[in-house]
Amino acid sequence: MARRRRRDERVRMLDIDAWAPKTEIGKLVKNKEIATIEEIFNRGKPILEPEVVDALLPELEAETLSVSPTQRTTDSGRKMSFRVIVVLGDKKGHVGIGVGKNDEVKPAIDYAMLDARKNLISVKTGCGSWECKCGTPHSIPREVRGKYGSTEVVLKPAPKGLGLAANSVVKKVLTIAGVKDIWSFSRGSTANVYNMAMATMDALNSLNSMKPQPGDKV
């Protein structure tokens, strides 16, 4: 049975003071020449150092989506290890999925959180439901679809107060991203936690490549 951390757990931050950046983006962040994570996204640069995220988003939360035991054969016999999938974000429009592997669960979770930081994306929230005219960013601006492997996830704007009508994995990703109301449908390999999480990320990320339309309510 998968072991789970407490829901929406506060993330232990990395030591920014002791951080010696190795990348151009890292050095700019350390020197406070970049003040927001959006500046990095706008430059089209990847986040290669997890400390970049902690320096710009100090209030991260995370939840473990799954902990799966795996076995591999070595010269001394079979050895048990763990594969962990986590979702990490600030509930304010930023979210990432990470995977970590280790012989023990705790280090695997730590590795997954480092990986999630480097996979962070920005999520455009809005009020795109025809049933809602509140104008607040509680949902998403329009319907989007995401796909990963054989799994497809559809996200539709929902009226304020509906909540997250979605698969449990999709719901956890949206919660950490800061989306409060959604209609969601999924098809394909819906029992695969990683596929579901990544298809949801693909759907959310597609909002960033869409040009604003006259009917959008952001």
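The values are calculated or read from the model by the stated rules, or taken from the named source; none is laboratory data. The model shown is predicted, which means the values in this text are computed figures rather than measured ones. Don't worry about glycine lacking a Cβ; one is built from the backbone with ideal geometry, like all the others, and counts go over all protein chains shown.
Tell me, yes or no, whether segment 148-164 has at least one residue that is within 15 Å of the chain's Cα centre (by Cα), free of Cβ contacts under 8 Å to residues at least 24 places away in the same chain and under 19 Å from Lys91 (Cβ atoms).
no
Looking at (1) within 14 Å of the chain's Cα centre (by Cα); (2) under 30 Å from Gly161 (Cβ atoms); (3) not charged (D, E, K, R), find the lone condition where Cys127 falls short.
With (1) within 14 Å of the chain's Cα centre (by Cα); (2) under 30 Å from Gly161 (Cβ atoms); (3) not charged (D, E, K, R) applied to Cys127, the lone miss is (1).
When you check Ala199 against the structure, is it outside any strand (DSSP E or B), touching a Lys or Arg at 6+ places or on another chain (Cβ under 6 Å), of a type in the set (A, V, I, L, M, F, W, C) and crowded, with 22+ Cβ neighbours inside 10 Å, yes or no?
Judged against the criteria, Ala199 is a match.
Assuming Thr64 fulfils every condition listed in (1) assigned to a helix (DSSP H, G or I); (2) touching an Asp or Glu at 6+ places or on another chain (Cβ under 9 Å); (3) among the polar types (S, T, N, Q) apart from one, which condition is it?
Unmet condition: (1).
Please return the ranges of strands (runs of 3 or more DSSP E) entirely within segment 110-193 where 3 or more residues are surrounded by fewer than 19 Cβ atoms within 10 Å (Cβ to Cβ). Even if it seems obvious, please write down each step before you answer.
Numbers: elements: 144-148, 151-157, 182-187.
Hits in segment 110-193: 182-187.
Can you name the number of the only condition in (1) surrounded by 12 or more Cβ atoms within 10 Å (Cβ to Cβ); (2) within 28 Å of Pro137 (Cβ to Cβ) that Val84 fails?
The one condition Val84 does not meet is (2).
Tally time: how many residues in segment 78-99 are more than 26 Å from Ser206 (Cβ to Cβ) and within 15 Å of the chain's Cα centre (by Cα)?
Of the residues in segment 78-99, 1 are more than 26 Å from Ser206 (Cβ to Cβ) and within 15 Å of the chain's Cα centre (by Cα).
Being in a loop (DSSP other than H, G, I, E, B) and basic (Lys, Arg) is the filter; apply it to segment 11-58 and report the residue that is farthest from Gly93 (Cα to Cα).
Lys22
Can you name the residue in segment 94-119 that is touching a strand residue (DSSP E or B) at 6+ places or on another chain (Cβ under 6 Å) and of a type in the set (Asp, Glu) and is also nearest to Gly26 (Cα to Cα) among such residues?
Only one residue fits best here, namely Asp115.
Examine segment 191-203 for a residue that is over 14 Å from the mean Cα position of the chain (by Cα), among the hydrophobic types (A, V, I, L, M, F, W, C) and modelled with pLDDT under 95, and state whether such a residue exists.
So in segment 191-203, the residues over 14 Å from the mean Cα position of the chain (by Cα) come out as 191-192.
From what's left, among the hydrophobic types (A, V, I, L, M, F, W, C): 191.
Checking which are modelled with pLDDT under 95 leaves us with 191.
Looking for residues that are over 14 Å from the mean Cα position of the chain (by Cα), among the hydrophobic types (A, V, I, L, M, F, W, C) and modelled with pLDDT under 95, one finds at least one in segment 191-203, hence yes.
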